Amino acid sequence: MPGARRRRGGRERLVQVLFLAPAGLYLVLFFGYPVVKNVLMSMQAYTTRTFFTGEAPWVGLANYATALGSTLFAPAMLNTALFTIGSIVGQFAIGLALASFFRRKFPLSGFLRSMLLLPWLLPLIVSSATWRSILDQDSGVLNAFLRSLGIIQEPVPWLTSPSVALLAVVLVTIWVGIPFNVTILYGGLQEIPEELYEAGAVDGATGWKAFWHITWPNLRPVVSVVLVLGVVYTLKVLDIILGLTNGGPANATQTLAVRSYQESFVNFQFGVGAAFSNILILISLVFAVIYLRLNRRAVDE
Amino acid sequence: MTATPTTAPARLRPSVTARSRRADRPKLGHTAVGILFLAVMLFPIYWMINASLQPSGNTLTADFLPLKPDFGGYQKAIEQQGTNLVTSLVISLGTVVFSLAVAAPAAYMLGQIRSSWINVGLLAILISQMIPGIVIANALYAAYNDLGLLNSIPGLILADATHAIPFVILIVRAFMMKIPPSIVEAARVDGAGIARAFVSIVLPISRNSLITAGLFAFLFSWSDFLFALTLTTTEDVRPVTLGIYTYLGTQVSNWSAVMATAVLSSIPAIVLLVLAQKYIAAGATGGAVK
């Protein structure tokens, strides 16, 4: 009997391995390998020639020197920061307002809330194409609307002027991100017990007072998660920028992610592209660590 | 599913009756305001549909209502992007099958085994979702070039699964952990091995979570643009997202065809949101927080 049990235990172990192996192998090949490969590529002269000759000589940190020394590096860093912060602040503020609004149950609230998810479910390139038509300087509906209200006199060159293009890209990213923020924040608001508000109302805490003293402190953990995840997801945005402006006009919407893409797949300087993407990974990593610390309890459970 | 918190009984408890009666009328006001918010948020989608029904041309002078709908844009879209739509469909369905096949067994085991290694694995999965796609594309381009996987449907399925597999593992695991162990043990006593019990008991019970995960895997793959852009170099295999991007170019010559393609590419999202609302809502909350 003990022998049989041990045999069964051995088989169980084998089955466990077989269940986990495909996913483990996939994660190693499609996440682990690319990260390692990027580090290696960033220290090699990896260009189109490499694909013919198979040779990618080691160049040490030369690609990083090229990346950091390029005239586009500082603007790309600044744009990445402005793009990320602007998008996150906008998404979060509007998302929290809408989530609070939907918390008051009213007829159709559940239906309206789920329809709100639509912008988030559409392919980003579809949203980019749609917004490009809306933001068109001469025949776009946004300029027509703003002019009919008398807010602007001259049509705004949303996507063709370096001074407003980044703002336009941020506005579209906010639009895409609102549903995600509403969904998570709404879930967080639902977790706050109604009794707290009832008790607060007795003490005179209603409206804004209730928000600052009851809602905000109780929502803090969810807020941190939303913000950190938002930053990590926004840092790597490519589809929206490529679809709207392609990094232009006059490099006004270049971010680290766009730089990495263009160095690798437009200039075919894979080494330099990898250097840019490693800088991007480092920044994401900082926020990933913050996220994991916040989320550790959720994982352990 | 757990993600619809409206069923929490505590919140349905009527508080003070006078207050709730007074609240009845303003609540319809809330509905009106809610519809207004939604109208503003969904206006771009309306505009996409409206613009797709305008006569073709390189200007966008569209009326607010497509009173005289012109289907020329759709004719062009299907002519030029029909093959690409089919390509996207094949790749997306492939991603669903591949992701579920790889992720579901792992999701189950990750919920069963008690070991500190499991936490390491979960941590790796969480982090993998944060790796920028361009990092993966950079490395895969070189590898695919050597393996002959560029411009191939299997190559894109494997790459698109990076959007789906971590998500599927986390969301399905969370569900499978809630299956009472006694149900599985009962089958084990009858002599079924883990694999048998998994196929005949765990998978059928987890139907809802598998559907949710599958729908999202489909949407992720259907929406993929980055891998379509970087891992194809010819027009042989071209997902529709890349088709739209090439339309956009520097100057758009035919807006109604672009917008018609955009509408056709939005159909999966719209259909899923209308028909599978509860699954989508469940996935949206479950996948993002966990």
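The values are calculated or read from the model by the stated rules, or taken from the named source; none is laboratory data. Remember, it's a predicted structure, so these values are computed and weren't measured experimentally. FYI the Cβ positions are ideal-geometry reconstructions off the backbone, even for glycines, and counts take in every protein chain you see.
So which of B:GLY111, B:GLY121 is closer than 24 Å to B:PHE216 by Cα, over 20 Å from the mean Cα position of the chain (by Cα) and touching a residue at least 60 places away in the same chain (Cβ under 8 Å)?
Numbers: B:GLY121 fails: touching a residue at least 60 places away in the same chain (Cβ under 8 Å).
So the residue among B:GLY111, B:GLY121 that is closer than 24 Å to B:PHE216 by Cα, over 20 Å from the mean Cα position of the chain (by Cα) and touching a residue at least 60 places away in the same chain (Cβ under 8 Å) is B:GLY111.
Report yes if some residue within segment B:155-167 is in a loop (DSSP other than H, G, I, E, B) and either more than 25 Å from A:GLU12 (Cα to Cα) or within 14 Å of another protein chain (Cβ to nearest Cβ) (or both); otherwise report no.
Filtering segment B:155-167 down to residues in a loop (DSSP other than H, G, I, E, B) leaves none.
For segment B:155-167, residues in a loop (DSSP other than H, G, I, E, B) and either more than 25 Å from A:GLU12 (Cα to Cα) or within 14 Å of another protein chain (Cβ to nearest Cβ) (or both): absent.
Residues of segment B:40-56 being assigned to a helix (DSSP H, G or I) and small (Gly, Ala, Ser), which ones?
We begin by selecting, within segment B:40-56, every residue assigned to a helix (DSSP H, G or I); these are B:40-52.
Within segment B:40-56, B:ALA51, B:SER52 meet the criteria.
Residues are listed down the side, and each one gets a yes or a no for (1) without any contact (Cβ under 8 Å) to a residue 60 or more places away in the chain; (2) surrounded by fewer than 24 Cβ atoms within 10 Å (Cβ to Cβ):
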residue	(1), (2)
A:LEU118	no, yes
A:LEU121	yes, yes
A:SER127	no, no
A:THR130	yes, no
A:SER139	yes, yes
A:ASN143	yes, yes
A:ARG147	yes, yes
A:PRO157	yes, yes
A:VAL169	no, no
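Condition check ((1) in contact with a Leu (Cβ under 7 Å, 6 or more places away or on another chain); (2) closer than 23 Å to A:PRO123 by Cα; (3) surrounded by fewer than 16 Cβ atoms within 10 Å (Cβ to Cβ); (4) more than 10 Å from chain B (Cβ to nearest Cβ)) across all residues:
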{"residue": "A:LEU235", "(1), (2), (3), (4)": "yes, yes, no, no"}
{"residue": "A:ASN246", "(1), (2), (3), (4)": "no, yes, no, no"}
{"residue": "A:ALA250", "(1), (2), (3), (4)": "no, no, yes, yes"}
{"residue": "A:ARG259", "(1), (2), (3), (4)": "yes, yes, no, no"}
{"residue": "A:LEU285", "(1), (2), (3), (4)": "no, no, yes, no"}
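Name the residues in segment B:243-263 that are buried (at least 23 other Cβ atoms within 10 Å of the Cβ) and touching a Phe, Trp or Tyr at 6+ places or on another chain (Cβ under 8 Å), would you?
Within segment B:243-263, the subset buried (at least 23 other Cβ atoms within 10 Å of the Cβ) is B:243-244, B:255-262.
The answer is B:ALA257, B:VAL258, B:ALA260, B:THR261.
Working only within segment B:256-272, note down all residues that are free of Cβ contacts under 8 Å to residues at least 12 places away in the same chain and facing chain A (nearest Cβ under 10 Å). Break it down into steps so the answer makes sense when it comes.
So in segment B:256-272, the residues free of Cβ contacts under 8 Å to residues at least 12 places away in the same chain come out as B:267, B:270-271.
Once the filter is applied, which keeps residues that are free of Cβ contacts under 8 Å to residues at least 12 places away in the same chain and facing chain A (nearest Cβ under 10 Å), segment B:256-272 yields only B:ILE270.
Condition check ((1) buried (at least 21 other Cβ atoms within 10 Å of the Cβ); (2) modelled with pLDDT of 95 or more; (3) assigned to a loop (DSSP other than H, G, I, E, B)) across all residues:
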| site | (1), (2), (3) |
| --- | --- |
| B:ALA186 | no, no, no |
| B:ALA192 | no, no, yes |
| B:ARG196 | no, no, no |
| B:PHE216 | yes, no, no |
| B:THR233 | no, no, yes |
| B:ASP236 | no, no, yes |
| B:SER265 | yes, yes, no |
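Any chance segment B:122-135 includes a residue that's in a helix (DSSP H, G or I) and more than 8 Å from chain A (Cβ to nearest Cβ)? Spell out the reasoning first.
We begin by selecting, within segment B:122-135, every residue in a helix (DSSP H, G or I); these are B:122-128, B:133-135.
Now narrow it down to the ones that are more than 8 Å from chain A (Cβ to nearest Cβ): none.
No, the conditions are met nowhere in segment B:122-135.
With the structure loaded, tell me whether B:ASN119 is part of a helix (DSSP H, G or I), in contact with a Ser or Thr (Cβ under 9 Å, 6 or more places away or on another chain), facing another protein chain (nearest Cβ under 7 Å) and within 29 Å of A:LEU280 (Cβ to Cβ) or whether it fails that test. I'd like the intermediate steps shown before the answer.
Details: part of a helix (DSSP H, G or I): yes; in contact with a Ser or Thr (Cβ under 9 Å, 6 or more places away or on another chain): no; facing another protein chain (nearest Cβ under 7 Å): yes; within 29 Å of A:LEU280 (Cβ to Cβ): yes.
Spelling it out, it is not the case that B:ASN119 is part of a helix (DSSP H, G or I), in contact with a Ser or Thr (Cβ under 9 Å, 6 or more places away or on another chain), facing another protein chain (nearest Cβ under 7 Å) and within 29 Å of A:LEU280 (Cβ to Cβ).
Do any residues in segment B:185-204 that are within 18 Å of B:ARG173 (Cβ to Cβ) and away from every other protein chain (no Cβ under 14 Å) have Cβ atoms under 9 Å from those of residues that are in a loop (DSSP other than H, G, I, E, B) and aliphatic (A, V, I, L, M), where the two are at least six apart or on different chains, and which pairs are they?
Close Cβ pairs (under 9 Å, with a partner that is in a loop (DSSP other than H, G, I, E, B) and aliphatic (A, V, I, L, M)) amount to B:ILE201/B:ILE179; B:ILE201/B:ALA192.
Looking for whichever is at pLDDT below 90 and either within 29 Å of B:LEU215 (Cα to Cα) or more than 8 Å from chain B (Cβ to nearest Cβ) (or both) here; the options are A:SER139, A:SER161, A:SER114. Which one fits?
Values: A:SER139 fails: either within 29 Å of B:LEU215 (Cα to Cα) or more than 8 Å from chain B (Cβ to nearest Cβ) (or both); A:SER161 fails: at pLDDT below 90.
After ruling out the rest, the residue left standing is A:SER114.
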